[in-house]
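Working notes, structure below.
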Amino acid sequence: MGEENFEISVNENFFNEDTIFDNNKEISFEAPELLELKKEMRQTESNEVEKIEHLISYDLIKHNLSYKLPHQSEGALSIIRDMNTHALLADEVGLGKTITAGMVIKESVVRGFIKKVLILVPPSLVDQWVEELREKFELNFKIVESPDDWVNPGFMIASLDRVKIFDNNKREFKHSLAHEVVWDLVIVDEAHKLKERNTIRWKFVDMLKKKRFLLLTATPFQNDLLELYNLLNLLKKGHLGTVKEFRNNFLYKGNKRYPLNPLELRRKLGELMIRRKRNEIGIEYKPRIPKIISVNLTKEEKIIYDNICDLIKSKYFLASGSQINGLLAVYAILPKITSSSRSAIESLTKIWESEEYHEETRALAKGILNDYANLKIDSKIETMFNLVKEIRARSNDEKILIYTRHPTTLRYIVEKLAPLNLKIVEFMGGLDREEKTRRINEFKSGNADVLISTDTGAEGLNFQFCRNLINYDLPWNPMSVEQRIGRLDRIGQKREIYIYSLATKDTMEAYVVDLIINKMCCVGLVIGELPIILFNLGLDGEGQYGRNKIEEKLMRSFIDSKDNLALFASEISQISRIVDMGIKEYREMEKLNKEILDNPKEMHK
């Protein structure tokens, strides 16, 4: 009987009584012959993996890796050889779980184990995963955009939050075709998001037919050991018994935070889990040193700024006379207008010249353009110019990475830095792979002093050799800022990292920059911890308009404040308190994870 004639998948799904799914469907049980065949197949797979002694694919990809870190290749080998690629990879934050997972995929492909792979990740990490897999492992993954993309499955990657949508009217998942595929390998990043069994997210993953299954998370549970049970039960049904058995065997007096028989629990976890700590590996992350650089506007510039805010908040009308939705207006033009004077002029010119806008809106835009024409100085670009000179004067080995959100601003910065006679590399979206590599190497070598990049062009870049980052303009999404910093704050960084962020003094922008930089991204967190904290706070997902929830909250506060700086500052303080609470709870969760996963002991009280 040839393997090409049929596919066998083992996918047991057991839902609680309160499941959202129809429980009245007929349940069929497999014939004894099929059960024996599955046992035979498992035994064959076990015999195959026993022969694996090293990664035969490593030589194919080692030239793409910045550093040789044995714990990553050893972890990949153990997952394939010892766990038959059915594992929870729970390395501490910052040890490169993505690279280990990439090695698992590459090795499995080279050995012919897998042809259909699905990777489920948070929305903000889709592009980064695609880039990493292409650049480091020479694997091309297709991003799932619509339900039809599942028709010809191969190497697929998707945002779990987007594909888990459940249609209550049809009583099925919008992306139900994913459940008809027999996947050779399924990987879920940020798997702590599956800690609750009775969620659409958990059930979407559970219904996938998967021969091999890999979960990635540094924090398998938060305050409840049942979260750990839910993860392990998703990975291997019955491994920790039923919920009742787990409570009786592993919860001390029913307390969800303290284990009974912790050594036995750790032994059971060790059969499915790999976890390494930074102090064991010898990896140390350098501190981030935030420096907010105030931009002091002239009287004329302050008038322009106020008029721009007035335009966006109250005088942004279509030609028909209807006012454009405030949040949409903010999303559409605020980032461009506040990015740089050049970007603002470009955006205002489009408004002035377009008949789509009301004559009052166009007239206000024209008036602001006239004010720009009469400006003698640009305080923001001058502040930037002096900052670059100051950094370069520190030593002969001070490369600088500058970020802006817009290509127009990028070109403006290049133009204004020309008098410094620096070798500048421009980096933005649309570059092909060869050109990206050429420019990265130019910056990495001694030939270039500064690299200026847009956010769209910087996915997956590793600049550990650089320690200076300048945010010329700052996204109001903390995750975007965290990804910027992550280009420098990576394994291999040997010096402290300076994070310079320009902020216009006495404006709402200054409060936002302080919140994101000083209260969220530079408070002693390791790269990768902020997403976990935001998830725990319920602030990591998309809001009503498809933006990050915190970003939408900030934008709404911007509009509702009606130019009242004190009111806006109060809103920012409230968000800051919520984030502080989230960081404190995360530290407690981190301590609990270490006590139980890394050094379990009897915790009877």
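Values for this structure:
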{"item": "Note, ³J(HN,Hα) from phi for the stretch 125-140, Karplus 6.51, -1.76, 1.60, rounded to Hz, x at Gly and Pro", "result": "10, 4, 5, 5, 4, 4, 5, 4, 5, 6, 6, 9, 10, 6, 10, 9"}
{"item": "Efficiency of FRET from Cβ geometry, Val151 and Asp598, R₀ 41 Å, rounded to 0.05", "result": "0.40"}
{"item": "Relative contact order [Cα under 8 Å, 6+ residues apart], the chain, whole percent", "result": "13"}
{"item": "Rounded FRET efficiency, nearest 0.05, which uses the C-beta distance separating Leu369 from Lys584 and R0 of 51 Å", "result": "0.60"}
{"item": "Packing-based order for 167-179, 576-588, using average beta carbon neighbours within 10 Å, highest first", "result": "576-588, 167-179"}
{"item": "Spatially proximal aspartates and glutamates relative to Lys68 (Cα-Cα < 13 Å; intrachain offsets below 8 disregarded)", "result": "Asp59"}
{"item": "Ordering of 232-245, 552-565 by packing [mean C-beta count within 10 Å, highest first]", "result": "552-565, 232-245"}
{"item": "Rounded to whole Hz, the Karplus (6.51, -1.76, 1.60) HN-Hα couplings of the stretch 179-186, x for glycine and proline", "result": "7, 8, 8, 8, 7, 6, 8, 10"}
{"item": "Tally of Lys pairs whose C-alpha atoms are under 17 Å apart, taken over the stretch 388-458, 8 or more apart or cross-chain", "result": "8"}
{"item": "Peptides 204-214, 275-285, 110-120 ordered by average Cβ neighbours within 10 Å, highest first", "result": "204-214, 110-120, 275-285"}
{"item": "Answer label, with P(r) over Cα pairs in 10 Å bins from 0, in percent calculated from the coordinates and candidates [x] 3, 15, 24, 24, 18, 11, 5, 1, 0; [y] 3, 14, 20, 20, 18, 13, 7, 3, 1, 0; [z] 3, 16, 26, 26, 19, 8, 2, 0", "result": "[x]"}
{"item": "The chain - charge dipole about Cα centre, Lys and Arg +1 at Cβ, Asp and Glu -1, debye rounded to 20", "result": "1540"}
{"item": "Estimated distance in nm for a label pair at Ile52 and Asn386, the labels positioned 7 Å out from Cα along Cα-to-Cβ", "result": "5.9"}
{"item": "Relative contact order of the stretch 299-373, pairs being alpha-carbon contacts under 8 Å that are 6 or more residues apart, as %", "result": "35"}
{"item": "Under 5 Å, built H, 5+ apart or other chain: amide partners of Ile293", "result": "Ser501, Leu502, Ala503"}
{"item": "Candidate lysines - alpha carbon under 22 Å from Lys519, same-chain residues fewer than 8 apart omitted", "result": "Lys286, Lys291, Lys505, Lys549, Lys553, Lys584, Lys591"}
{"item": "Linear extension gain, Arg438 paired with Asp506, 0.36 nm per residue minus alpha-carbon span", "result": "20.3 nm"}
{"item": "Relative contact order of the stretch 39-281, pairs being alpha-carbon contacts under 8 Å that are 6 or more residues apart, as %", "result": "22"}
{"item": "Helix 299-314 axis, angle to the chain major axis (alpha carbon atoms, nearest 10°)", "result": "50"}
{"item": "Interchain or long-range residues, amide H under 5 Å from Met273's placed H", "result": "Leu88"}
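Read-outs throughout are calculated quantities, based only on the coordinates presented, and are distinct from any laboratory measurement. Every value quoted in this text rests on a predicted model; they were computed, and no experiment measured them. So basically every Cβ, Gly included, is an ideal-geometry build from the backbone, and we count neighbours across all protein chains shown.
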